[in-house]
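The values are calculated or read from the model by the stated rules, or taken from the named source; none is laboratory data. Everything numeric here is computed off the predicted structure, so don't read it as measured data. Positions of Cβ are generated from backbone atoms using ideal geometry, with glycine treated the same way; all protein chains shown enter the neighbour counts.
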Amino acid sequence: MDLSKTTPSAAVDAKVAHVRASAQPEGDHNRVVVMKARIQFLACNNKLRQGTKAFLLQAYNRRDGDQTIHVGFTCSKKVGNAVARNRAKRRLREIAHSILPNQGIAGWDYVLIGRKDATATRNFAQLKADLGYALNKVHN
């Protein structure tokens with residue numbers, strides 16, 4: 001993969017396609033897959049975003065023909081120590097795996113970014129409602 005003569009955005013898209021092709025088994029459709037590579041998170045950056053009280057949702061329509069839903073979770077050190085960040089990410093993972101198969105759109109990437117204090121302490125039902133609200137806003 002020669003990326004020396006491409007624009008930065010095209011280079012990122014090519015790297016993302018390479019990472020996705022190597023990570024996805026053939027025949028896996030309409031399911032939620034967790035993003036692992038930094039380049040996948042960067043592809044969602046500066047795309048559609050919607051803030052809620054508990055987290056920020058970033059969304060990106062890949063338009064690559066892959067019918068899986070990709071989701072990533074992140075919390076900065078502002079959220080707290082490792083224990084607080086892991087707790088916040090666990091809660092984000094749980095709401096994503098319960099809401100995205102029904103309300104997410106195949107072929108899209110989603111990144112949930114935790115917020116200080118709010119993600120770890122917000123009522124779980126409210127967290128689910130926040131994700132439903134954010135998905136509705138980015139898709140409409």
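Yes/no per residue for (1) among the small types (Gly, Ala, Ser); (2) more than 30 Å from Lys78 (Cβ to Cβ); (3) modelled with pLDDT under 95; (4) out of contact with any Cys (no Cβ under 9 Å at 6 or more places or on another chain):
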site: Asp28; (1), (2), (3), (4): no, yes, yes, yes
site: Arg31; (1), (2), (3), (4): no, yes, yes, yes
site: Gln40; (1), (2), (3), (4): no, no, yes, yes
site: Asn46; (1), (2), (3), (4): no, no, yes, yes
site: Gln58; (1), (2), (3), (4): no, no, no, no
site: Arg62; (1), (2), (3), (4): no, no, yes, yes
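The residue that is surrounded by the most Cβ atoms within 10 Å (Cβ to Cβ), among those in the range 73-130 that are polar (S, T, N, Q) and in a helix (DSSP H, G or I), is Thr119.
Being in contact with an Asp or Glu (Cβ under 6 Å, 6 or more places away or on another chain) and either crowded, with 18+ Cβ neighbours inside 10 Å or under 19 Å from Val138 (Cα atoms) (or both): is that true of Tyr60 here? Against the criterion (in contact with an Asp or Glu (Cβ under 6 Å, 6 or more places away or on another chain) and either crowded, with 18+ Cβ neighbours inside 10 Å or under 19 Å from Val138 (Cα atoms) (or both)), Tyr60 qualifies. Evaluate the following for Gly65: is it small (Gly, Ala, Ser), exposed (fewer than 14 other Cβ atoms within 10 Å of the Cβ), within 23 Å of Val33 (Cβ to Cβ) and in contact (Cβ under 8 Å) with a residue 24 or more places away in the chain? It is true that Gly65 is small (Gly, Ala, Ser), exposed (fewer than 14 other Cβ atoms within 10 Å of the Cβ), within 23 Å of Val33 (Cβ to Cβ) and in contact (Cβ under 8 Å) with a residue 24 or more places away in the chain. Cβ-Cβ contacts under 6 Å between residues 6 or more apart (or on different chains), taken from a first residue in the range 71-97 that is under 20 Å from Tyr110 (Cβ atoms) to a second residue that is surrounded by 14 or more Cβ atoms within 10 Å (Cβ to Cβ) and hydroxyl-bearing (Ser, Thr, Tyr), are listed as Val71/Tyr110; Ala88/Thr119.
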